[in-house]
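The structure under discussion appears below in the form of structure tokens.
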Amino acid sequence: MANSSIVRINNETKRTLEELSRKSGEPMLNVIDRAIEEYRRRVFLEETNAAYAKLKKDEKASGEYDREIAAWDSTLMDGLDDSESWEEGGKQASGKKGRKTNDKSRAR
């Protein structure tokens, strides 16, 4: 183990950790790592939700945000037909023919 630290935990937490380790078959360190990562993600989402709630309370800022999102939404698919399927590298999948690049009939 390259980097490690000693952290004190109470007895009940230690028993829970040992039980989770036994049930999962994973070392206690892995259980702790997974638990902390899940908690980090939850805190991130809670902070993100709080920021969006704050934004929605500010009518001016919320309107500016909505206009910016609408402007970016117009770039989705760059006017390509939704039924077209493309492979990585820009090749069209399944031998389907694409529309001409100057066809703006589907531009959003």
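The values are calculated or read from the model by the stated rules, or taken from the named source; none is laboratory data. The structure presented is a predicted model; accordingly, all values stated were derived computationally and were not measured. Quick reminder, even Gly has a Cβ in these numbers, built from the backbone with ideal geometry, and neighbours come from all protein chains shown.
Numbers at a glance
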{"item": "Where a residue in segment 60-82 is of a type in the set (S, T, Y) and its partner, wherever it lies, is modelled with pLDDT of 70 or more and assigned to a helix (DSSP H, G or I), with Cβ under 8 Å and at least six apart", "result": "S62/L55; S62/K56; Y65/L55"}
{"item": "Residue match in segment 42-55 (condition: surrounded by 10 or more Cβ atoms within 10 Å (Cβ to Cβ), modelled with pLDDT of 95 or more and not in a helix (DSSP H, G or I))", "result": "no"}
{"item": "Search result, residues across segment 21-70 that are of a type outside the set (V, I, T), in contact with a helix residue (DSSP H, G or I) (Cβ under 6 Å, 6 or more places away or on another chain) and closer than 24 Å to S4 by Cβ", "result": "S21, M28"}
